[in-house]
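To start, the structure under review is shown below, and the notes come after it.
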Amino acid sequence: MKQYAKGSRVKQIKAVRSAGSETFFAEIIRDASNSIPKQDHAEFITEISKIVDKSWGKFPQKYLKESILHSRYLMLLRNDKDILIGVAPIKKIHLDGRYVYSFGLTAVDPDYQGLGFMRKMHTILGHRVFLENLKNFKVSVEFVFITPNIRTIGAIARVADFIYPNPYAVDEKTGLIDYADDKTWETINLYLKATGETFRKLDRCGDVMIGFYDDKPNLVMKEAEVVPDKKLRLFAKHYLKPGNEVVVRAIVSIRGLFGSEF
């Protein structure tokens, strides 16, 4: 299978849900911008942009380099015809004397959406992050990331020691949750400053980014979400209106991560 980085691991993985007789392979790269030879960066970004365009819409190459190439860990998912069908990065960001990890621009080819690959990729990358921290005797990891995906938020909420916003804490009568605590509010503002994301307004109730797509009108999320859980649906209805994104802060311990999948 095609590999961009010398020494990177390639492993066969299974779809969470049926994909017929197809097999899939994942390349996991650490510090992609350094591990991928510089002469291959242009080819890499070109291939990545094709899958991102199909899944989300057209992003500037500068954004792709920052979000994907400059990642701590990167997973590239290919089918048995060696065609790239998925990409998932996770970044390591220094904030106020500590490090947080952030899931970056994750994309899955629309023909392969609904098979559970996004969750699978995030789980595997999460395991890598924990193994890295265990070497330094750290048994919990702080994540901060932006998402419009209620299933992702719900999955992490089920394993986190702490998460805000927590969709399972929604009041079933009002559809509301409490305002972000001081530490979370401080953290996400530092995170947004560090990442340079643009938006019109940040609402402390739910950490909702309003106007995230104001300067990105060509971007869409093409994967329709089927959400059976009542509280998740209620949270999404109130906080994830079209054009909104949520900034999530979560602290996950090793017991929570390895005891259950994202």
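The values are calculated or read from the model by the stated rules, or taken from the named source; none is laboratory data. None of the values given here were measured: they were computed from a predicted structure. Every residue, glycine as well, gets a Cβ built from its backbone with ideal geometry; the counts of neighbours run over all protein chains shown.
Can you work out which of the residues in the stretch 55-65 that are surrounded by 12 or more Cβ atoms within 10 Å (Cβ to Cβ) and free of Cβ contacts under 8 Å to residues at least 60 places away in the same chain is nearest to THR106 (Cα to Cα)?
Once the filter is applied, the top-ranked residue is LEU64.
Does TYR179 meet the test of being modelled with pLDDT of 90 or more, surrounded by fewer than 20 Cβ atoms within 10 Å (Cβ to Cβ), assigned to a loop (DSSP other than H, G, I, E, B) and out of contact with any Asp or Glu (no Cβ under 8 Å at 6 or more places or on another chain)?
Considered against the rule, which asks whether it is modelled with pLDDT of 90 or more, surrounded by fewer than 20 Cβ atoms within 10 Å (Cβ to Cβ), assigned to a loop (DSSP other than H, G, I, E, B) and out of contact with any Asp or Glu (no Cβ under 8 Å at 6 or more places or on another chain), TYR179 comes out as yes.
Could you please find all residues in the stretch 42-83 being of a type in the set (Phe, Trp, Tyr) and in a helix (DSSP H, G or I)?
PHE44, TYR63
Going through the stretch 134-191 one residue at a time, which ones are among the β-branched types (Val, Ile, Thr) and within 16 Å of the chain's Cα centre (by Cα)?
Result: VAL141, VAL144, ILE146, THR147, ILE150, THR152, ILE153, ILE156, VAL159, ILE163, ILE188.
Go through (1) modelled with pLDDT of 95 or more; (2) more than 20 Å from the chain's Cα centre (by Cα) one by one and return the number of the condition ALA250 breaks.
(2)
Starting from the stretch 115-126, keep only residues that are more than 15 Å from ARG78 (Cβ to Cβ), then list their pairs with residues that are among the β-branched types (Val, Ile, Thr) whose Cβ atoms are within a distance under 7 Å, requiring at least 6 positions of separation or different chains.
Matching pairs, first to second residue: GLY116/VAL16; MET118/THR106; MET118/VAL108; ARG119/VAL16; LEU125/ILE90.
If we keep just the residues of the stretch 194-230 that are assigned to a loop (DSSP other than H, G, I, E, B) and touching a Lys or Arg at 6+ places or on another chain (Cβ under 7 Å), which is modelled with the highest pLDDT?
Taking the candidates together, the pick is GLY211.
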